[in-house]
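None of the figures in this text is laboratory data; all of them are computed from the coordinates on show. Values in this document were obtained by computation on a predicted structure and should not be read as measured data. Positions of Cβ are backbone-derived with ideal geometry, glycine not excepted, and every protein chain shown enters the neighbour counts.
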Amino acid sequence: MIEIKGLHKSFGNHEVLKGIDLKVEKGEVVVILGPSGSGKTTLLRCLNFLEQPDDGEITVGNTRVNCNHVSKKEILEIRRNTAMVFQLYNLFKNKTALENIMEGLVVARKIPREEAEKTSRQILAKVGLSEKWDAYPSQLSGGQQQRVGIARALALNPEAILFDEPTSALDPELVGEVLGVMKKVAREGLTMIVVTHEISFARDIADRVIFIDGGVIVEQGPPAEILFHPREERTKQFLKRML
Ligand code: ADP
């Protein structure tokens, strides 16, 4: 489904990703944990070519690219199959919840408006926001805005959704509703890669937890193992600060 081999990325002379190898199966929910600055966001952004990797090979579905000579067409193909949910919801301020979800379908996918609206309304219902279809982002809470952000990603029907700290900008009382929607999506069998500090989400929902530090995967395994019986000292220290 998704395979990353030997992924390297530097900013100037700061090497942020030092050779990441990662395979994610269809329907798998992978949670990436790690200290701030360890390269988690850069990894997600490289996977989606929001950052251009320096070296490595990325496969998403049937598209395999060598990061050294990747074409625009291949990048579009990869983006088509991976939707990103950002920390800050990045919604269009001058569009309603429904229009925000329809936008990608109509503009990028060239789906007729009527059909795009029908799909978007179904997905708004899935994230529990049917009644808010004509609300603008400023009229929604942070949690509701992020649920629209997730709906927008779901509407594109991607092979995988990449979540970049989707709850870290939210007030604590709004985190639960967003995690609830993510749990529901996970149970429906969507492939998800989630960067988060929410240990409870990792414990309850992840099939696999990956701990990253200093641009390398330090260890990975089932949540019960990595969260409660880590082998590596760096993972132990990190979790001690989190729990
Ligand atoms: P994490 O998501 O684990 O907190 P990031 O991937 O955001 O870590 O960042 C890893 C390192 O790369 C940090 O030191 C950060 O400052 C640096 N970095 C990230 N993006 C850029 C950029 N566009 N330009 C320069 N440095 C960057």
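Points worth noting:
- When residues in the stretch 194-229 are screened for being surrounded by fewer than 20 Cβ atoms within 10 Å (Cβ to Cβ) and farther than 22 Å from residue 166 by Cβ, 9 of them pass.
- The residue pairs whose first member lies in the stretch 203-220 and is closer than 21 Å to residue 186 by Cβ, whose second member is basic (Lys, Arg) and away from the ligand (no atom under 16 Å from the Cβ), and whose beta carbons are closer than 7 Å, counting only pairs six or more residues apart or on different chains, are 205/183; 220/208.
- Residues of the stretch 100-149 that are over 26 Å from residue 169 (Cα atoms), surrounded by 13 or more Cβ atoms within 10 Å (Cβ to Cβ) and of a type in the set (Val, Ile, Thr): 106, 111, 119.
- Residue list for the stretch 148-192, filter: within 17 Å of residue 108 (Cβ to Cβ) and among the basic types (Lys, Arg): 152
- Taking residues in the stretch 110-126 that are under 14 Å from residue 152 (Cβ atoms), and partners anywhere that are not in a helix (DSSP H, G or I), the pairs with Cβ atoms closer than 7 Å and at least 6 places apart or on different chains are 121/133; 124/133.
- Residues that are under 13 Å from the mean Cα position of the chain (by Cα) number at least 1 in the following strands (runs of 3 or more DSSP E) confined to the stretch 119-216: 160-164, 191-195.
- Given (1) within 23 Å of residue 22 (Cβ to Cβ); (2) within 16 Å of the ligand (Cβ to nearest atom); (3) out of contact with any Gly (no Cβ under 6 Å at 6 or more places or on another chain), index of the condition residue 215 fails: (3)
- Failed item, numbered, when residue 236 is tested on (1) within 28 Å of residue 55 (Cα to Cα); (2) free of Cβ contacts under 8 Å to residues at least 24 places away in the same chain; (3) not in a strand (DSSP E or B): (1)
- Failed item in (1) aliphatic (A, V, I, L, M); (2) in contact (Cβ under 8 Å) with a residue 40 or more places away in the chain; (3) out of contact with any Pro (no Cβ under 6 Å at 6 or more places or on another chain), with residue 78 passing the rest: (2)
- When the stretch 71-91 is filtered for residues that are in a loop (DSSP other than H, G, I, E, B) and crowded, with 17+ Cβ neighbours inside 10 Å, the ones remaining, listed by number, are 86, 87, 89, 91.
- Residues within the stretch 137-151 that are in contact (Cβ under 8 Å) with a residue 40 or more places away in the chain and over 9 Å from residue 97 (Cβ atoms), tallied: 5
- One residue from 57, 51 being assigned to a loop (DSSP other than H, G, I, E, B), among the acidic types (Asp, Glu) and either buried (at least 17 other Cβ atoms within 10 Å of the Cβ) or on the phi < 0 side of the Ramachandran plot (or both): 51
- For the stretch 20-45, a residue qualifies if it is more than 14 Å from residue 160 (Cβ to Cβ) and within 15 Å of the ligand (Cβ to nearest atom), and the qualifying residues are 20, 33, 34, 35, 36, 37, 38, 39, 40, 41, 42, 45.
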